[in-house]
Amino acid sequence: MKKIISACLIIFALLSTVSMSSCSGRAPELEDVKERFIYLIENSKELNMIYFGSGLPVYERDGVLSEQKGVYYNDALPTYNRVMENSRYLTVEEIKARSNEIYSTEYMAELYETAFEGVMTGNSSAYLRFYETSDWIFQNSYATDFKLSDRIYDYSTMQIVKPSNGEYVNITVDSYTLEDKTVKTVSLTFVYERGNWYLDSPTY
């Protein structure tokens, strides 16, 4: 009798596990996540500029203001321009904190590698997009600027597409830029982690 009860309990536990896995594996309804997804997409635009576009506002090396302030006096970083005091972000940690509010952990790791840790290009030495000293942050003047255009999304066309589940969602949404009015359907990915949904792909 004990063996029968034990077997029944095992079967019940297995069925419960399968049921729970099946439930958690279902993709969310669009209306439940749409507002969050729109928030992430719209707020990623500023970060796109920081990581891939013109970056933060900096003092021009031959500018009148930089000369008046003596910004580049005894210049030790000739390939980096100092970020201006009116920048919204004045430290690497501030950029990372904002990124943490928008992006997935895996996508952030990719961004941080090129922006803050440096990558090797052929036989050349590693370079960083941003370099922080004890008192200021500098931006690489040779970092690639992709001349990003503001991409406008038609959120009425947003759809959740396969493959998607309770932790990983793919969507399609129509978009265009002011320079190119041609409507383009783009695919974006979102990941559920840290108790919420986060963007897992670029939006530029």
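The values are calculated or read from the model by the stated rules, or taken from the named source; none is laboratory data. Being a predicted model, the structure only gives us computed values, none of them experimental. Here Cβ is always computed from backbone atoms with ideal geometry, including for glycine, and neighbour counts include all displayed protein chains. SASA here: full protein model, heavy atoms, side chains in, ligands and nucleic acids out. Shrake-Rupley method; radii C 1.70, N 1.55, O 1.52, S 1.80 Å.
Give the residues of the stretch 62-87 that are in a loop (DSSP other than H, G, I, E, B) and in contact (Cβ under 8 Å) with a residue 24 or more places away in the chain, sorted by residue number.
Here is the first cut: in the stretch 62-87, the residues in a loop (DSSP other than H, G, I, E, B) are 62-63, 70-79, 84-87.
Across the stretch 62-87, the qualifying residues are Leu77, Thr79, Met84, Asn86, Ser87.
Here's the yes/no breakdown for (1) within 21 Å of Ile102 (Cα to Cα); (2) modelled with pLDDT under 95:
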site: Lys147; (1), (2): no, yes
site: Arg151; (1), (2): yes, yes
site: Ile171; (1), (2): yes, no
site: Arg194; (1), (2): yes, no
site: Tyr204; (1), (2): yes, yes
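Determine if the stretch 142-159 includes at least one residue that is within 20 Å of the chain's Cα centre (by Cα), loosely packed, with under 14 Cβ neighbours inside 10 Å and among the polar types (S, T, N, Q).
yes
Among the residues of the stretch 42-88, count how many are of a type in the set (A, V, I, L, M), open to solvent by less than 40 Å² (accessible area, probe 1.4 Å) and more than 28 Å from the chain's Cα centre (by Cα).
Within the stretch 42-88, residues that are of a type in the set (A, V, I, L, M), open to solvent by less than 40 Å² (accessible area, probe 1.4 Å) and more than 28 Å from the chain's Cα centre (by Cα) number 1.
From the list Ser134, Ser141, exactly one residue is of a type in the set (Gly, Ala, Ser) and either closer than 30 Å to Ile38 by Cβ or free of Cβ contacts under 8 Å to residues at least 24 places away in the same chain (or both). Which is it?
On the way: Ser141 fails: either closer than 30 Å to Ile38 by Cβ or free of Cβ contacts under 8 Å to residues at least 24 places away in the same chain (or both).
On inspection, the qualifying residue turns out to be Ser134.
Return the residues of the stretch 160-181 that are open to solvent by 40 Å² or more (accessible area, probe 1.4 Å) and assigned to a strand (DSSP E or B); say none if nothing qualifies. Working first, answer last.
So the first thing to find is which residues in the stretch 160-181 are open to solvent by 40 Å² or more (accessible area, probe 1.4 Å), and the list is 160-163, 165, 167-168, 174, 176, 178-181.
Passing the criteria: Ile160, Val161, Tyr168, Asp174, Tyr176.
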